[in-house]
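Reading through the structure tokens given below for one structure.
The values are calculated or read from the model by the stated rules, or taken from the named source; none is laboratory data. These figures come from a predicted structure and were not determined experimentally. Cβ: placed from backbone, ideal geometry, glycine included. Neighbour counts: every protein chain shown. Side chains included, ligands, DNA and RNA excluded: accessible areas come from the protein's heavy atoms. Shrake-Rupley method; radii C 1.70, N 1.55, O 1.52, S 1.80 Å.
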Amino acid sequence: MEREKYILAGTLVAAPRRVLSNQMVTVKGDRITDVGPIPETFFDPGAVSQTEIIDARDKVVMPGLVNAHSHHTEVLQRSLRDALPFELWRLERRGVEDALEPGYEELLTANLICLLESLKHGTTAVLHHLSRRQRLEIVEIQACIDAAKMLGNRVVIAPSISDVGWKPVMRVDEDPPAARTEVESLIQALDLIDKGPKTVAGIIGPTSI
């Protein structure tokens with residue numbers, strides 16, 4: 001049987017315009033089960049026993065923040081091309097990643113760094129928009145799923161799809177191979193995400209329309 005955990009909040013941000021003082025948040029498992037004023041008898045001897053208490057009476061307790069657009073792997077390229085115009089920055093970013101050919105361990109490290117930094121600053125949910133490449137990187141998706149599972153972040157993985165020139169798609173003499181490959185890769189990616197933990201979800205991320 002899971003024991004309840006109590007968070008004692010000096011200041012509780014319950015909603016954007018609702019700030020409460022001296023509140024107790026009751027947690028059971030991974031769910032908040034109750035929020036209310038700290039009982040006057042809470043600190044009496046024997047009132048609670050063998051229960052985890054997080055004393056945050058000198059802190060602000062609030063819901064986790066959400067980062068609605070992130071590229072996890074770019075965390076390893078900081079300061080390599082500061083103050084460049086977007087067009088040049090984009091070309092260099094892709095060039096570096098293509099040259100390095102990061103494997104699973106490198107991609108897992110990048111995802112762990114990004115998600116750990118997010119937690120450090122109060123962000124518990126992140127949307128990871130996979131950078132557009134020639135094909136969807138299944139190994140990168142697996143690395144993100146594993147990192148989220150290790151740390152407990154809520155992560156939405158958005159495999160990117162983008163327009164291509166009409167000639168590779170619409171061929172008079174055969175089926176459109178580029179469009180078919182794109183759809184097959186997307187289905188594979190979303191199936192992999194769907195097999196991950198319940199804290200990880202997948203959506204389609206249109207890019208470079």
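Of all residues in region 53-91, how many are in contact (Cβ under 8 Å) with a residue 12 or more places away in the chain and within 27 Å of the chain's Cα centre (by Cα)?
Keep residues of region 53-91 that are in contact (Cβ under 8 Å) with a residue 12 or more places away in the chain, which gives 53-77, 80-81.
Filter once more, so that each one left must be within 27 Å of the chain's Cα centre (by Cα): 54, 56, 59-77, 80-81.
Number satisfying all stated conditions: 23.
Pro206 versus (1) at pLDDT 75 or above; (2) open to solvent by 100 Å² or more (accessible area, probe 1.4 Å): which is the lone unmet condition?
(2)
For region 98-113, what are the residues that are more than 21 Å from the chain's Cα centre (by Cα), assigned to a helix (DSSP H, G or I) and of a type in the set (D, E, K, R)?
Kept after step one, since they are more than 21 Å from the chain's Cα centre (by Cα), are these residues of region 98-113: 98-101.
Filter once more, keeping what is assigned to a helix (DSSP H, G or I): 98-100.
Scanning region 98-113 gives a single hit, Asp98.
What are the residue pairs meeting all of these: first residue in region 181-209, first residue under 30 Å from Arg31 (Cβ atoms) and touching a residue at least 24 places away in the same chain (Cβ under 8 Å), second residue assigned to a helix (DSSP H, G or I) and polar (S, T, N, Q), Cβ atoms under 9 Å, and 6 or more apart or on different chains?
Every condition considered, the pairs that remain are Leu192/Gln142; Gly196/Gln142.
Residues of region 94-121 being surrounded by fewer than 18 Cβ atoms within 10 Å (Cβ to Cβ) and under 15 Å from Ser70 (Cα atoms), which ones?
Ile113, Leu116, Glu117, Leu119, His121
Taking region 1-40 as the region of interest, how many residues are within 13 Å of Thr51 (Cβ to Cβ), open to solvent by 70 Å² or more (accessible area, probe 1.4 Å) and either among the acidic types (Asp, Glu) or touching a residue at least 12 places away in the same chain (Cβ under 8 Å) (or both)?
Qualifying residue count for the region: 4.
Hey, any hits in region 76-93 for a residue that's open to solvent by 70 Å² or more (accessible area, probe 1.4 Å), part of a strand (DSSP E or B) and under 27 Å from Ala125 (Cβ atoms)?
no
Quick check, is Ile38 among the β-branched types (Val, Ile, Thr), farther than 14 Å from Pro63 by Cα and either at pLDDT below 95 or under 25 Å from the mean Cα position of the chain (by Cα) (or both)? If you could, list the steps in order and put the result at the bottom.
Values: among the β-branched types (Val, Ile, Thr): yes; farther than 14 Å from Pro63 by Cα: yes; either at pLDDT below 95 or under 25 Å from the mean Cα position of the chain (by Cα) (or both): yes.
So Ile38 passes the test.
Just one of (1) crowded, with 18+ Cβ neighbours inside 10 Å; (2) at pLDDT below 95 trips up Val169, so point out which.
(1)
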